[in-house]
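Notes follow once the structure below has been shown.
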Amino acid sequence: MSRTPLWRIALVVPEAHAPAFAEAVGDHADAVSTFELEEDGGDWLVEATDQSPPDEARLTARVAVLAEAVGIEEPKLIVERLPPIDWVSHSYQGFPPIRAGRFFVHGSHHEGTVPAGSIPLLVDAATAFGTGEHGSTNGCLQALDRLSRHLKLPRGGRRGALDMGCGSGILALAVAKRWRIPVTAVDIDPEAVRVTRINTAINGMKGRIRAQGGDGYHTRLVGRHKPYTLITANILARPLARMAPQLRRHLKKGGYAVLAGLLNRQERHVIQAHRNQGLRLVARIPVGEWTTLVVKR
């Protein structure tokens, strides 16, 4: 096995300045995200990861200059090496294992060990969308991981979560395994429903995930189990914006929704559509040209 080192860069700043610091830190990393730590306009965590040791002196200087420019106290900068992740060194048939936060997505061909402390998701490349490789799916998994780390999410109960446009069922699996709550998974494509049911079975989640075909929020099963504590919707920007009123009606007060399938340039439109429904943006996670949003009712 080979060991892939990973470096973490983190700092905490006021909400208004999070985008500027994310851009500054992002120039020194492979991936960067911002996440709310406190409600009502409080502090946000800016966190980035890189496979190479960052130039800490240069990064510190850039953060200091930016802090002075925006008129805030220089934030404490954390630069640390994370524990290495074990990866099987030989080539795999199909897609390689993918790490997104604490989620470890792998196919049935994976012969290596699952990294300690991770949540395994067994998903083979199939006819339905969603193996964790795409930027939007990866962003959703990161968002779910961060929700479990930084934000309180009620656990248990029969209401549970909704995976709208479930594809392969990967997000339904992630939620069911992480929070141990029931998940309703819906897709308009019968093949996606079939694949989700297969993945549900092989991951031992048949008792927690209900997969059904239907027309979005109009699906009878969806209405039967509302309101939901958590909704994931990895679709496309226009449908997300159009369905914002329905999402609000199906989301429990205080609940969260993870929205994806939108390009970076489309995020303002999607954010505004949900703000118009009284939903508040609490996180944005860009992965390449794709952005994942987390909103709260």
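In debye, nearest 20, what is the charge dipole magnitude of the chain about its Cα centre with +1 on Lys and Arg Cβ and -1 on Asp and Glu Cβ, if you could check? Don't skip to the answer; put the middle values down first.
Details: 38 positive and 29 negative charges, 399 e Å.
Once rounded to the nearest 20, the dipole reads 1920 debye.
Largest GNM mean-square fluctuation across 262, 141, 37, computed for the chain with C-alpha springs under 10 Å, falls on 37. Note on residue 55 and residue 30: the model spin-label points, each 7 Å out from Cα along the C-beta direction, lie 2.0 nm apart. Measuring r between the beta carbons of residue 280 and residue 10 and using R0 = 22 Å, the FRET efficiency lands at 0.45. Let a ≥ b ≥ c be the square roots of the eigenvalues of the Cα gyration tensor of segment 174-229; is it rounded (a/c under 1.5), or, if not, prolate (a/b larger than b/c) or oblate? Oblate, since a/c reaches 1.5 and b/c is not below a/b.
Only loop residues by DSSP count here, and only those with at most 13 other Cβ atoms within 10 Å; note down the GluC sites (Glu not before Pro) in segment 24-81 that meet that.
Numbers: sites: 36, 38, 39, 47, 56, 68, 73, 80; in loops: 38, 39, 73.
Sites meeting the loop and neighbour criteria: 38, 39, 73.
Taking amide H positions as modeled 1.01 Å from N, with prolines and chain starts lacking one, the residues under 5 Å from residue 183 and 5 or more places away or on another chain are 161, 209, 210. Stretching the chain fully between residue 242 and residue 64 yields a gain of 59.9 nm (0.36 nm per residue, less the alpha carbon separation).
Comparing 227, 245, 182 in a Gaussian network model of the chain, where Cα atoms under 10 Å apart are tied by springs, the biggest mean-square fluctuation is seen for 245.
For the chain, the fraction of 1.4 Å probe accessible surface lying on carbon and sulfur atoms is 49 percent.
Given a 1.4 Å probe and the protein chains as shown, residue 228 ends up with an accessible area of around 0 Å². For the chain, the number of Lys pairs with C-alpha atoms closer than 12 Å, counting only pairs eight or more positions apart or on separate chains, is 6. Taking amide H atoms as placed 1.01 Å from N in the peptide plane, the amide H of residue 43 lies under 5 Å from those of 37, 38, each 5 or more residues away in sequence or on another chain. How high is the relative contact order of the chain, in percent, with contacts defined as C-alpha pairs under 8 Å that are six or more residues apart? This gives 15 percent for the chain.
Quick one: ranking 187, 55, 163 by accessible area, 1.4 Å probe, largest first, what do you get?
Details: 187 25, 55 85, 163 5 Å².
Solvent-accessible surface, decreasing: 55, 187, 163.
Checking the a/c ratio against 1.5 first, then a/b against b/c, what shape does the Cα gyration tensor give for segment 162-295?
Taking the square roots of the gyration eigenvalues as a ≥ b ≥ c, segment 162-295 is prolate.
Solvent-accessible area per residue for segment 7-49 at a 1.4 Å probe radius, Å²?
Details: 1670 Å² over 43 residues.
That works out to 39 Å² for each residue.
In the Gaussian network model of the chain, springs joining C-alpha atoms below 10 Å, which of 16, 57, 174 carries the largest mean-square fluctuation? Between 16, 57, 174, it is 57 that shows the largest mean-square fluctuation. Recomputing percent of Cα pairs over 34 Å apart from the coordinates shown identifies the correct label among (1) 41; (2) 49; (3) 21 as (3).
The values are calculated or read from the model by the stated rules, or taken from the named source; none is laboratory data. Bear in mind the structure is a predicted one, so any value in this text is a computation, not a measurement. Please note: Cβ atoms are built from the backbone with ideal geometry, for glycine as well, and neighbour counts cover all protein chains shown. Note: accessible area is taken over every heavy atom of the protein model, side chains too, but ligands, DNA and RNA are not part of it. Shrake-Rupley method; radii C 1.70, N 1.55, O 1.52, S 1.80 Å.
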